[in-house]
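Heads up: the structure comes next, in structure tokens.
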Amino acid sequence: MTKVLLIYVVSSFLALNQASLISRCDLAQVLQQEDLDGFEGYSLSHWLCLAFVESKFNISKINENADGSFDYGLFQINSHYWCNDHKSHSENLCHVDCQDLLNPNLLAGIHCAKRIVSGAGGMNNWAKWRLHCSGRPLSYWMTGCHLG
């Protein structure tokens, strides 16, 4: 009986902590539908690289930073500047609750990322983008994706 209960508790814990992943090509489809291909000069491959290096396509990712702020969602949008996490002071430049950036429909995260990219620095606002995507050939990110 104890063993069954332990298995149930562990499996419930794992289910609660399971990542919400989106496939590369499914994400490309959503990004295309939201008119990100060519937005501010960035192709879908650029957006896919950004999402991968920031969250590994994990919609529900939350990361705590050394300064006490948090990064949320697919694009790891920071709570100090871009969204309100109700934990600390935020400029909330995207006018969005940070929890909305974890929504599987992706719209809040996409709209906020577009706002970030539209400002000074574009995708260079993301350190991981600068390190892993910027100035590199990225067309392979679209390999096998058949967009309609």
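Under a plain spin-label model, where a point goes 7 Å from the Cα along Cα-to-Cβ, how far apart in nm are residue 56 and residue 105?
2.9 nm
Taking the Cα centre of the stretch 24-142 as origin and charging only Cβ (+1 Lys, Arg; -1 Asp, Glu), how large is the dipole, in debye to the nearest 20?
Approximately 380 debye in magnitude.
Can you tally the lysine pairs in the chain where the Cα-Cα distance is under 22 Å and the two residues are eight or more apart, or on different chains?
Lysine pairs, 8 or more places apart or on different chains, close enough: 6.
Report the net charge of residues surrounding residue 148, where surrounding means a beta-carbon distance below 14 angstrom and charges are Lys +1, Arg +1, Asp -1, Glu -1.
Summing Lys/Arg as +1 and Asp/Glu as -1 gives -2.
Given the Cα atoms of the stretch 95-148, and with Rh set as the inverse mean 1/r over their pairs in the Kirkwood sense, what is Rg to Rh to two decimals?
1.04
Compute the long axis of helix 107-118 from its Cα atoms, compare it with the longest principal axis of the Cα atoms of the chain, and write down the angle in degrees, 0 to 90, nearest 10.
Computed tilt is about 40 degrees.
Within a Cβ distance under 12 Å of residue 97, other residues only, what is the Lys/Arg minus Asp/Glu net charge?
So the environment of residue 97 carries a net charge of -1.
Can you work out the accessible area per residue across the chain, with the rest of the protein chains kept in place, probe 1.4 Å, in square angstrom?
Heavy-atom SASA per residue in the chain reads 58 Å².
Could you list log10 I(q)/I(0) for the stretch 24-142 at q = 0.15 Å⁻¹, which the Debye formula gives when each Cα is one point scatterer?
For the stretch 24-142 at q = 0.15 Å⁻¹, log10 I(q)/I(0) is -0.60.
Suppose the chain between residue 147 and residue 25 were pulled fully straight at 0.36 nm per residue; how much longer would it get relative to their current alpha carbon spacing?
Length gained, residue 147 through residue 25: 43.1 nm.
At 222 nm, what helix-only mean residue ellipticity would the chain give, in deg cm²/dmol to the nearest 500, using -39500 (n - 2.57) for each DSSP H run of four or more?
-11000 deg cm²/dmol
Take the Cβ-Cβ distance between residue 34 and residue 63 as r, set R0 to 35 Å, and report the resulting FRET efficiency rounded to the nearest 0.05.
Rounded to the nearest 0.05, the efficiency is 0.90.
So for the pair residue 127, residue 89, with labels modelled 7 Å out along Cα→Cβ, what separation do we get in nm?
Result for the modelled spin labels: 2.1 nm.
Over the stretch 24-142, what relative contact order in percent results from Cα pairs under 8 Å that are six or more residues apart?
23 percent
Let me check I've understood the local charge: for residue 83, count other residues with C-beta under 13 angstrom from its C-beta, Lys and Arg +1, Asp and Glu -1. What total comes out?
Summing Lys and Arg as +1 and Asp and Glu as -1 gives -3.
The values are calculated or read from the model by the stated rules, or taken from the named source; none is laboratory data. Computed from a predicted model, the values in this text were never measured in an experiment. In this analysis, Cβ positions are derived from the backbone assuming ideal geometry, glycine residues included, and neighbour counts consider all displayed protein chains. Accessible surface areas use protein heavy atoms only, side chains included; no ligands, DNA or RNA. Shrake-Rupley method; radii C 1.70, N 1.55, O 1.52, S 1.80 Å.
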